[in-house]
Structure formats: C-alpha cells, structure tokens
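Worksheet: one structure, shown below.
The values are calculated or read from the model by the stated rules, or taken from the named source; none is laboratory data. Since the model is a prediction, treat every value here as computed from it, not as a measurement. We place every Cβ from the backbone using ideal geometry, glycine too, and count neighbours over all the protein chains shown.
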Amino acid sequence: MRNLTKVMVLLSLLLSGAIFGFFYAWVCSTMWGLDAADPRVAIAAMQAMNASVRNVVFAPAFFGTPLALLLTAALLLRDGFRGGALGFAAGGVLYLFCGMVLTMTVNVPMNEMLATISVPEDIDAARTIWREYSGPWQLWNGLRTLASGTALLAAAGGLISMMTHGQKPAA
C-alpha cells in the first residue's frame, strides 16, 4: 500500500469521526440544553451558533469528509484492496447524500428561517417558535447523525477488510 493511501485512510477516519461527533453532540447535549432553557434564550443562542458554525474549523469535516472517503476508496481500489474500497466508497456516498446534502437542503434552510425571526419578548410566542423549530430540526439532525455514524462504521469496516483480507490482485 502506498503512503498516500495510508494517509488518506487515516484522514478519512478522522474527518468521518469529527463530523459524526459534531452532529452527535447536537443530539445528546446541545438541543436538549436549549429545549430546557427559556425559549427566548434558546432562539437567540441557536441563531448565534448557526451564524458561527460556518468557519474554517468546521469546513474540512463537513465538506471534506465525502471527498476524503471517495478518494480513499479510489486509492484502495488502485492498490488492490477491493473490500476496503467498498467500505470507504459506501461511507462516502452515504455521508454525501444523507449527511451533507440533507444538511444543506433541510437543516440549513431551517436555520436561515430562524435567523430572520426577531426574538419575541412574549415567552408564549417564543415557546411556539422554538417548539415548531426544535422538533423537526432534531428529527433531521438525528437522521444525519445516524448517516454520518454509519459512514464512519462503513469506513472502519473497509479498514478491517484491508487488515483481514489483505491486498487482492486487480482483475
């Protein structure tokens, strides 16, 4: 196996783990905490978090994960690791469509809609806004979390395949 392939295997696993961890943190702490807060605070906090998430630290994991996984799959295929290539390719396609595309077509528009709302002073009005946003947003976040976790597992499966089956001559 070539050094570039080894580096890409590690980078793919790192990025896959990073994006899964990012989405998972929203599932098990961030949204539960916001749901428990005053809805006026929750709305303002979510608006601030959504405004800050598009940054150079987040971008490699969000945008780079499918590219790294698919490039790794191609390199593994070239190097004769067909089973490994399949795992990384499956992870790349799964994250691309059920992680990144889902985020950009569902969660981001929901975030952009929330950004246009002025936080109401009336707690009941804020509660209604937050309830209508939080429930659906968490459902879609749960799906992208599941998809990104499954993509990580697929890549790990590809790594296990490489370790247990070794290199196979190309047909």
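Would it be correct to say that T65 is out of contact with any Asp or Glu (no Cβ under 8 Å at 6 or more places or on another chain), of a type in the set (V, I, T), crowded, with 17+ Cβ neighbours inside 10 Å and within 16 Å of L159 (Cβ to Cβ)? When the stated conditions are applied, T65 passes them.
If I ask for residues that are surrounded by 18 or more Cβ atoms within 10 Å (Cβ to Cβ) and either modelled with pLDDT under 95 or among the aliphatic types (A, V, I, L, M) (or both), which ones from the stretch 80-96 would you list? Once the filter is applied, which keeps residues that are surrounded by 18 or more Cβ atoms within 10 Å (Cβ to Cβ) and either modelled with pLDDT under 95 or among the aliphatic types (A, V, I, L, M) (or both), the stretch 80-96 yields A85, A89, A90, L94, L96. When G92, G87 are checked against the criterion of being of a type in the set (G, A, S), in contact with a Pro (Cβ under 6 Å, 6 or more places away or on another chain) and in a helix (DSSP H, G or I), a single residue qualifies: G92.
For the stretch 95-133, residues that are outside any helix (DSSP H, G or I) and without any contact (Cβ under 8 Å) to a residue 24 or more places away in the chain total 3.
Among the candidates S161, S134, S148, S118, the residue that is polar (S, T, N, Q), farther than 21 Å from L14 by Cα and surrounded by 15 or more Cβ atoms within 10 Å (Cβ to Cβ) is uniquely S134.
In the stretch 7-24, the condition of being touching a residue at least 40 places away in the same chain (Cβ under 8 Å), loosely packed, with under 15 Cβ neighbours inside 10 Å and in contact with a Leu (Cβ under 7 Å, 6 or more places away or on another chain) is met by no residue. Against the test of being within 30 Å of A126 (Cα to Cα), modelled with pLDDT of 95 or more, assigned to a helix (DSSP H, G or I) and of a type outside the set (D, E, K, R), the options A73, A61, A51 yield a single qualifying residue, A51.
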